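> Sharing a structure below in C-alpha cells format, with a few things to ask.
The values are calculated or read from the model by the stated rules, or taken from the named source; none is laboratory data. Quantities reported herein were computed from a predicted structural model and do not represent experimental measurements. Here the Cβ is made from the backbone with ideal geometry for all residues, glycine too, and neighbour counts use every protein chain on show. The area values use the complete protein model at the heavy-atom level, side chains included, leaving out ligands, DNA and RNA. Shrake-Rupley method; radii C 1.70, N 1.55, O 1.52, S 1.80 Å.
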Amino acid sequence: MRKPVFISGAEAAEMIQDNSTILPVSMTLVSAAETILKEIERRFLETGSPRGLTILHSCGQSDRDRGIQHFAHEHMIARVVGGHWGLQPKMMELIANNRVLAYCFPQGQFAQLFRSMAGGEPGKITKVGLGTFIDPRIDGGKMNEVTKNAPNLVETIEINGELYMWYKPIPIDYCIIRGTYIDELGNLSTEEEAMSLEVWGAVMACKKYGGSVIAQAKYKVKSGSIHCKQVTVPGVFIDAAVICPNPEEDHRQTHSFIFDPAYCGNIKKPGEKSDTLAMSLRKVIGRRALCELHTDDILNVGTGIPNDVVGPILAEESLEEEVTITVESGVYGGIPMGGVDFGIAKNQFALVRHDDQFDFYNGAGVDVTFMGAGEVDASGNVNATKLGASKPTGAGGFIDITTNAKHVVFCSSFTGGGLNCSFEDGKLHINQEGHIIKFVNQLQQISYNGKNAVTKGQKMHYVTERAVFELRPEGLTLIEIAPGVDLQENILNRMEFAPAISTGLKEMNPAIFQESGPFGLKEIICGHI
C-alpha cells in the first residue's frame with residue numbers, strides 16, 4: 001500500500017524544485033502549514049533556492065506576518081495567482097512595484113477550478129467575472145503593469161449564444177495541506193481545523209497533474225485510530241508528512257487562538273452577552289444597511305464595515321434567530337470573527353467545505369449580501385479590489401457573491417481620509433469632511449458591474465452615513481439623505497458626478513442616529529411582509 005514518508009519541515013522544503021508551481025491550502029492563518037512554509041523561506045534566504053516559483057491560492061492566506069507571506073521575496077516567486085492580498089503587505093508591495101507577475105481570480109471560481117482540474121475538465125466555465133476586471137476584454141485579472149503583456153489565464157467563450165468566462169487549468173507541482181491527526185498509513189483528518197476549505201479538490205488536482213502532496217499534522221497516531229468517515233485525505237494520496245514540533249506557534253487553529261473547540265464545532269459554548277457596539281460612523285452605516293433585511297433571509301457578510309458591525313447589531317437588536325448569517329469559508333450561523341480571523345465563527349450550526357459553499361453563492365444566490373465599497377460611479381459600478389496603486393487587495397469572494405446575490409447592499413463612508421462625524425438629537429453632524437472622493441467618474445478597477453446587474457434585475461443599494469442610493473435603469477439614484485445634512489453642500493458637491501434624485505426622496509430614519517440601545521430594527525424587518 002502507498003503511504004507517505006514522515007520527514008522534517010526542513011526535508012519537506014528540500015523537496016521543492018526551482019520554477020515549480022505550489023498550491024498551499026489555507027485561509028487567513030487557518031490551516032497554514034507554518035512548519036513547512038517557514039522552512040521553505042529559510043532555505044531560500046540561505047541558498048537562493050527554490051526560486052522562480054508560481055504560488056496559487058484561492059483566498060487570502062496570511063495574518064500580515066505568516067502564511068504565504070513566507071513566499072513574498074523577489075526572485076523567490078516569479079508569479080502569483082491568487083484571490084486576495086489584503087492581509088499580505090509584503091505580497092502587495094511586490095505586486096505594486098512590478099516585482100512579480102500577478103493575476104487575480106475570484107475566490108470561489110479558483111476553489112472550484114481545482115475540482116474541475118481534478119476531474120480532467122478543460123477548466124471552470126461560468127458567468128462570474130464577466131464585465132469586471134477579471135474579464136479578459138477589460139484587464140484579464142492582471143493586477144500590475146508587468147503582467148499586462150503576459151499570457152491570459154482566463155478567456156471568454158460562447159455557448160449556445162451566451163458568453164461565459166473560461167478559467168484555464170494551471171498544473172500543480174506541489175500541494176501543501178494541513179490536518180489534525182495522521183496515522184501510520186498517512187490517512188489525514190481535519191477535525192480541529194476551523195474551516196473545511198478545499199483540501200480534497202486541491203489534492204486531487206495536484207495528483208491529476210503528477211504533483212506531490214505534502215501534509216503537516218499536529219499528531220501522529222496508530223493505524224486505524226481515525227474513523228473512516230473522518231479521513232479528509234486518504235494516505236495513498238499524500239507523498240510526505242511533517243509532524244509539527246511546535247503546535248503553539250506553527251499549528252495554531254487561527255491567528256488569535258492556539259485552539260478553541262467552539263470554533264471547529266467540537267463544543268457549543270454557553271451564550272455570552274455581547275458588549276454593545278459603541279456608536280460610530282460604521283454602526284450608523286450598518287444600522288441603515290440592515291434595514292434592507294427580511295425575516296428568514298440568508299445573508300452573507302463581507303470584510304470591512306459589514307464584518308465589523310452586522311453581527312453585533314443583529315445581536316443588539318435580538319435578531320440572531322430571525323435571519324441566518326453565512327461566511328464564504330463555509331460557516332452557517334454562530335458568531336463570526338473579523339479582521340485577521342475573518343472566516344471563522346464560534347458556535348456555528350454548520351460548517352461546509354469552502355468550495356461547496358460557493359455552489360450556493362454562484363447558484364441559488366444568497367438573499368442579501370453586505371459588502372464594502374471603495375469607489376462608485378454613476379452607472380453603479382463598484383471598485384472594492386484596488387484601493388490605490390499600493391493596495392492591490394484583490395477580489396476575495398466579492399465578485400462571486402455579488403454576481404448572483406438577490407440583493408446587494410454596499411456599505412461605505414461617503415468620503416474617506418479624515419472624515420469625522422458625531423450624532424446628536426437623531427441627526428448626523430459632519431465635524432470634518434474626508435478629503436477622498438468615493439463617488440467618482442472613473443474607477444481604478446471594476447469589481448462589480450452595475451449594467452450587468454440592472455440587466456438581470458438584481459436589487460442594489462449603496463448605503464453611507466449621509467446618503468442612500470439605489471441602482472435603477474436610469475443610473476445611481478439618491479433615495480434618502482440623513483437628517484442634519486444639506487443636499488447640495490454635503491452630498492452633491494462631494495461627488496464627481498450628478499446622480500439621479502428620486503422624486504420621493506426621503507429622510508433616513510432618525511432612530512439610526514441615536515446613541516445607544518436597540519433602534520427598532522426588529523420591527524422594521526418583521527414588518528417586511
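> Can you pull out the residues in the stretch 223-267 that are among the β-branched types (V, I, T), open to solvent by 60 Å² or more (accessible area, probe 1.4 Å) and within 15 Å of A32 (Cβ to Cβ)?
Correct list: I258 only.
> Only one of P122, P106, P24 is out of contact with any strand residue (DSSP E or B) (no Cβ under 7 Å at 6 or more places or on another chain), open to solvent by less than 20 Å² (accessible area, probe 1.4 Å) and under 29 Å from W166 (Cα atoms); which? Walk me through it before giving the result.
Details: P122 fails: open to solvent by less than 20 Å² (accessible area, probe 1.4 Å); P24 fails: out of contact with any strand residue (DSSP E or B) (no Cβ under 7 Å at 6 or more places or on another chain).
Sole residue among the options that is out of contact with any strand residue (DSSP E or B) (no Cβ under 7 Å at 6 or more places or on another chain), open to solvent by less than 20 Å² (accessible area, probe 1.4 Å) and under 29 Å from W166 (Cα atoms): P106.
> Another question about this same structure. Looking at F105, F133, F114 in this structure, which one is of a type in the set (F, W, Y) and either in contact with a Cys (Cβ under 8 Å, 6 or more places away or on another chain) or farther than 30 Å from A13 by Cβ (or both)? Can you show your working first?
On the way: F105 fails: either in contact with a Cys (Cβ under 8 Å, 6 or more places away or on another chain) or farther than 30 Å from A13 by Cβ (or both); F114 fails: either in contact with a Cys (Cβ under 8 Å, 6 or more places away or on another chain) or farther than 30 Å from A13 by Cβ (or both).
Every option except F133 fails the conditions.
> Let me ask something else. When the residues of the stretch 367-387 are narrowed to those that are more than 15 Å from the chain's Cα centre (by Cα) and within 17 Å of V331 (Cα to Cα), which ends up least open to solvent (accessible area, probe 1.4 Å)?
It comes out as V368.
> Count, please, the residues in the stretch 388-419 that happen to be touching a Gly at 6+ places or on another chain (Cβ under 9 Å), hydrophobic (A, V, I, L, M, F, W, C) and open to solvent by less than 10 Å² (accessible area, probe 1.4 Å).
Of the residues in the stretch 388-419, 7 are touching a Gly at 6+ places or on another chain (Cβ under 9 Å), hydrophobic (A, V, I, L, M, F, W, C) and open to solvent by less than 10 Å² (accessible area, probe 1.4 Å).
> Among the aliphatic types (A, V, I, L, M) and under 26 Å from the mean Cα position of the chain (by Cα) - does that describe any residue in the stretch 426-434?
Scanning the stretch 426-434 turns up no residue that is among the aliphatic types (A, V, I, L, M) and under 26 Å from the mean Cα position of the chain (by Cα).
> Separate question: Kindly evaluate T303 against the criterion of being of a type outside the set (D, E), open to solvent by 60 Å² or more (accessible area, probe 1.4 Å) and either part of a loop (DSSP other than H, G, I, E, B) or modelled with pLDDT of 95 or more (or both).
For T303, the condition - of a type outside the set (D, E), open to solvent by 60 Å² or more (accessible area, probe 1.4 Å) and either part of a loop (DSSP other than H, G, I, E, B) or modelled with pLDDT of 95 or more (or both) - is met.
> Oh, and also: Can you confirm whether T47 is over 20 Å from the mean Cα position of the chain (by Cα) and among the hydroxyl-bearing types (S, T, Y)?
The answer is yes for T47.
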